[in-house]
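Each remark here refers to the structure printed beneath this line.
The values are calculated or read from the model by the stated rules, or taken from the named source; none is laboratory data. Nothing here was measured: the structure is a model prediction, and the numbers come from that model. Cβ placement follows ideal geometry from the backbone for every residue including glycine, while neighbour counts extend to all protein chains displayed.
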C-alpha cells in the first residue's frame, strides 16, 4: 500500500525523527518532504499502524490518504 500523510514538521530534526520510527517499523519505501510537510510511505503495514507510528513522534498529522499504486 502507498500512503501520503500531511505532517506538521518545523525542522530537519522533525523529519529525521519520523524517518527513524518508520524505518524501525519496516516500511518498504519512505519519502519525506519538509517543505511540503508530507510523508509518502510504501509498505505492507496497515494504515492505522503507520499513522500511529508517526503520531508517536509527537508530530501533528493533519491528513492521511491511501494512494493507488
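Here residue 69 meets each of (1) modelled with pLDDT of 95 or more; (2) part of a loop (DSSP other than H, G, I, E, B) with one exception, condition (1). Of all the residues in the range 36-60, those that are more than 13 Å from residue 3 (Cβ to Cβ) and part of a helix (DSSP H, G or I) number 1. Pairing residues of the range 39-66 that are on the phi > 0 side of the Ramachandran plot and in contact (Cβ under 8 Å) with a residue 40 or more places away in the chain with residues that are part of a strand (DSSP E or B) and surrounded by 15 or more Cβ atoms within 10 Å (Cβ to Cβ), at Cβ distances under 9 Å and at least 6 apart in sequence or on separate chains, gives no pairs at all.
In the range 20-35, which residues are more than 16 Å from residue 2 (Cα to Cα) and not in a loop (DSSP other than H, G, I, E, B)? It would help to see each step written out before you state the result.
Taking the range 20-35 and keeping what is more than 16 Å from residue 2 (Cα to Cα), we get 20-21, 24, 34-35.
Matches in the range 20-35: 20, 21, 24.
Do we have any residue at all in the range 24-36 that's at positive phi and either out of contact with any strand residue (DSSP E or B) (no Cβ under 8 Å at 6 or more places or on another chain) or crowded, with 17+ Cβ neighbours inside 10 Å (or both)? Yes, the range 24-36 contains at least one residue that is at positive phi and either out of contact with any strand residue (DSSP E or B) (no Cβ under 8 Å at 6 or more places or on another chain) or crowded, with 17+ Cβ neighbours inside 10 Å (or both).
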